[in-house]
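Asks: Take this structure first; my questions come after.
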Amino acid sequence: MARPWLHLCICLQIPGFYANLLLTQTPEHILTQTNNKTAILCELKKEHTGVYWYRWSQERQHFEFLVFSNTLGKATYGTNMSQDKFRVHEERSQSSYSLHISHLHPSDNGTYYCSVSQSSQLLLGSGTRLSVVDALPLPPKTTQTPVSKKPVLWITKSKAASRKGPCSPLVWIPLATGVLLLLLGLVPTAHRLYRLRRRLWLRIHRQ
């Protein structure tokens, strides 16, 4: 088995180690809680001799070989990797495999890759980022916007009169009455002024 060469290929990142569309890996990101379990799916579109699983540790800055599963279902584990932690299941007649990870811990954080060997090249999946936390973040609270009450329109008599237009009787009759009363009030005053002016005129001419 070419596992040491493949492991060396990944660690040195030499040409031939690349992501390929022949492998479809899902999901892109997993956020889960401590002590839970999860699974990563890898779909293959080409013949192969087996599937390798690796983990890139951002903290330790290197790839870790997890497990290799051949087409017969036999699994070979990396250093300090156990069957209790990692299991590979064949989903559909050697075209789809899933990596099951149990007893999750924050130390399991990293990006997981499935890969196969084709023509002296290591084809790599797109990667699945696993984030294990002690407590999942709470969803944001949704606040309901209070329903605003529509203002009640109060119409007074004056507004009602103004809405009927300037030619409405409710408008011009009070105005005409007011003008008439004003004119009637001015008549005695005008008469007094006339008489006063007449007296002054007569007095001046007598002198």
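Asks: Provide Glu47, Glu90 ordered by accessible surface of protein heavy atoms (probe 1.4 Å), highest first.
Replies: If we order Glu47, Glu90 from most to least accessible, we get Glu47, Glu90.
Asks: Same structure again: For the pair Gln58 and Leu193, how long in nm is the line joining their label points, each one 7 Å along Cα→Cβ?
Replies: 9.6
Asks: Between Tyr77 and Thr24, what length in nm is gained on full extension when 0.36 nm per residue of separation is reduced by their alpha carbon distance?
Replies: Computed gain between Tyr77 and Thr24 is 16.8 nm.
Asks: Further question on the same structure: Give me a comma-separated list of calculated 3J(HN,Hα) values for segment 44-57, in order, Karplus coefficients 6.51, -1.76, 1.60 applied at θ = phi - 60°, integers in Hz, x for any Gly or Pro.
Replies: Values per residue, Gly and Pro as x: 10, 10, 8, 5, 7, 9, x, 10, 9, 10, 10, 10, 8, 9 Hz.
Asks: Ok, one more. Under a point spin-label approximation (7 Å from Cα along Cα-to-Cβ), what is the Thr142-His100 distance to one decimal in nm?
Replies: 3.5
Asks: Enumerate the calculated ³J(HN,Hα) couplings along segment 67-84 in order (Karplus 6.51 cos²θ - 1.76 cosθ + 1.60, θ = phi - 60°), each rounded to whole Hz, writing x wherever the residue is Gly or Pro.
Replies: Those phi angles translate into 6, 10, 10, 7, 5, 8, x, 7, 10, 10, 9, x, 5, 6, 10, 10, 5, 5 Hz.
Asks: Which distance in nm do the two modelled labels at Leu184 and Leu31 give, with both placed 7 Å along the Cα-to-Cβ direction?
Replies: That separation, rounded to one decimal, is 8.6 nm.
Asks: Packing-wise, with mean Cβ within 10 Å as the measure, how do 68-78, 118-128, 48-58, 186-196 rank, highest first?
Replies: Top to bottom by mean Cβ count within 10 Å: 48-58, 118-128, 68-78, 186-196.
Asks: 5 Å is the cut-off here: which amide hydrogens, built 1.01 Å from N in the peptide plane, fall below it relative to Asn109, excluding neighbours closer than 5 in sequence?
Replies: Val132
The values are calculated or read from the model by the stated rules, or taken from the named source; none is laboratory data. This one's a predicted model, so the numbers in the text were calculated from it and none came from an experiment. Positions of Cβ are backbone-derived with ideal geometry, glycine not excepted, and every protein chain shown enters the neighbour counts. Areas reflect the complete protein model, heavy atoms only, side chains present, ligands, DNA and RNA absent. Shrake-Rupley method; radii C 1.70, N 1.55, O 1.52, S 1.80 Å.
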